[in-house]
Amino acid sequence: MEKLLTIGIPVYNMEKYLARCLNSVTSIKNCMRCEILVVNDGSTDNSLQIARDFEKRYPEMVRVIDKPNGGWGSAIKRSIEEARGKYYKSLDSDDWFISEHLDGFIHELESIEADMILAPYNEVDEDGNITAERSFSPEFYGQTLDLNEYIGGLGTFRKTIHAVAYRTDLLKTHNFSVWEKFYGDIDYINTPLKYVRTIYFSPFRLYQYMLGRAGQSVSVAGYRKHINDYLSVARKLIKACGVKTPTTPVENYLLEDSISIATFAYKLLMSPKLCGSEKGSHAQLEAFDRFLKTEAPIVYKGVAKKSIRHGVSPISLWRISRLNIYKILG
């Protein structure tokens, strides 16, 4: 029987949360139409054993892939390579799905042929309490739309990794290779858009995205520790999407997103709260600025307009005078 959905779950030292994650995707009726690839990325805790236990209990669904540590993106890449489902969706091992909604989602996939699917999701705390509901315009639920037409005026395009699923053969045909370290999710949700032609809006609220766990990459400590990964992802995406004048709504969206990504890179390197006071950040800032000016002049000009604080562009001010307003204002 054809697998309609592959769920790729990267795992690194998540023994505290992994069983909750796997219970949410194995306790479903449509078990024969779903493939769960648990990629153990060199865990040193009990995560691998927990995954193996689920593999034994649900051999028709769960397959464990054990590999040396390579980073979140390397695990996603491996699961895409081995995916057999019609669609591919990632699930971080400290998050989970609403099981009954997953059943409905899988059934829905049988009749969908869109390149990308977006579904609403929740942000939750560690106890599962909903802190925010993230949704799309209800009039689009159940519809397949042309992506350029949608971005060009039908609706506001908001995408996150928690909302998105891709047609698996789209990822495979274009040899999509996600950035292997931290912040690979930015690459995962941007780069395939170049190949997406149609988008479907599912009404099933699947993903439960847990925020607030210590050590998450989106925390201040995470940005400080992994800034080099962010800068590498930024360079990769800017080279791919920010070097030419856009001719379609999708290209324009990717250019604007590249400008936003670059703007945040400046903030990381200039803000004392994030990384601006760290040793070596000044040299990185100079290097990143030269990179943009030389290889992506459209983005170089765009970031000055994007970043405005107290009526002043900190980036423009720094370029003119090398005065870092972030260090003055905090």
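The values are calculated or read from the model by the stated rules, or taken from the named source; none is laboratory data. These numbers come from a predicted model, not from an experiment. We place every Cβ from the backbone using ideal geometry, glycine too, and count neighbours over all the protein chains shown. All accessible areas refer to the heavy atoms of the entire protein, side chains included, with ligands and DNA or RNA removed. Shrake-Rupley method; radii C 1.70, N 1.55, O 1.52, S 1.80 Å.
Roll a 1.4 angstrom probe over the protein heavy atoms and tell me the percent of accessible area of region 99-211 that is carbon or sulfur.
Solvent-exposed carbon and sulfur of region 99-211 make up 47 percent of the total.
Just the Cα atoms of the chain: what Rg and Dmax do they give in Å?
Reported Rg and Dmax, both Å: 20.6, 65.
Please report the antiparallel percentage of the DSSP beta bridges confined to region 112-231, to the nearest 5.
Here the share of antiparallel DSSP bridges comes out near 60 percent.
Go ahead and set up a Gaussian network model of the chain, Cα springs under 10 Å, then flag whichever of S177, S271, S79 fluctuates most.
Among S177, S271, S79, the largest mean-square fluctuation in the Gaussian network model of the chain belongs to S271.
Can you compute the FRET efficiency between N46 and E110 using 1/(1 + (r/R0)^6), with r the Cβ-Cβ distance and R0 = 25 Å? Round to the nearest 0.05.
0.10
When the convex hull of the C-alpha atoms of region 32-97 is computed, what volume per residue in Å³ does it have?
92
For the chain, what is the accessible area per residue in Å², given a 1.4 Å probe and the full set of protein chains?
44
List the GluC sites (Glu not before Pro) within region 123-217 that DSSP assigns to loop and that have no more than 15 neighbouring Cβ atoms inside 10 Å.
Counting only loop positions with at most 15 other Cβ atoms within 10 Å, the GluC sites (Glu not before Pro) in region 123-217 are E126.
At 7 Å along Cα-to-Cβ for each site, give me the label-to-label distance between R84 and D146 in nm.
3.7
In terms of Cα to Cα distance under 19 Å, which lysines are near enough to K305, apart from those fewer than 8 places away along the same chain?
K244, K267, K293
Under the rule of -39500 (n - 2.57) per DSSP H run of 4 or more residues, summed and divided by the residues of the chain, what mean residue ellipticity at 222 nm is obtained, to the nearest 500 deg cm²/dmol?
Result for the chain, helices only: -12500 deg cm²/dmol.
Over the chain, calculate the relative contact order: mean separation of alpha carbon pairs under 8 Å at least 6 apart, over the residue count, as a percent.
Over the chain, the number comes to 16 percent.
Can you give me the distance in nm between label points at E100 and K293, each placed 7 Å from the Cα along the Cα-to-Cβ direction?
6.0
Between their Cα atoms, which of K3/K67; K194/K301; K239/K327; K225/K273; K159/K194; K56/K89 are more than 20 Å away from each other?
Pairs exceeding 20 Å: K3/K67; K194/K301; K239/K327; K56/K89.
Obtain the nm distance between the two label points defined at R134 and S27 by a simple spin-label model: each point lies 7 Å from its Cα along the Cα-to-C-beta direction.
2.4
Among T173, Y200, M116, whose Cα lies farthest out toward the positive end of the dipole of region 116-271, if unit charges sit on the beta carbon of Lys, Arg (+1) and Asp, Glu (-1)?
T173
Enumerate the calculated ³J(HN,Hα) couplings along region 44-55 in order (Karplus 6.51 cos²θ - 1.76 cosθ + 1.60, θ = phi - 60°), each rounded to whole Hz, writing x wherever the residue is Gly or Pro.
10, 9, 8, 4, 4, 5, 4, 5, 4, 4, 5, 4
FRET efficiency for L211 and K327, Cβ-Cβ distance as r, R0 = 30 Å, nearest 0.05?
After rounding to 0.05, the efficiency reads 0.60.
Magnitude of the Cβ-charge dipole of the chain, K/R +1 and D/E -1, about the Cα centre, nearest 20 debye?
1480
Would you mind telling me the antiparallel percentage of the DSSP bridges in the chain, rounded to 5?
Of those bridges, close to 40 percent are antiparallel.
Just by accessible area at a 1.4 angstrom probe, what is the order of H101, H174 from largest to smallest?
So, going from the largest accessible area down, we get H174, H101.
Where the centre of each part is set by its Cα atoms, how far does region 1-46 sit from region 77-147, in angstrom?
14
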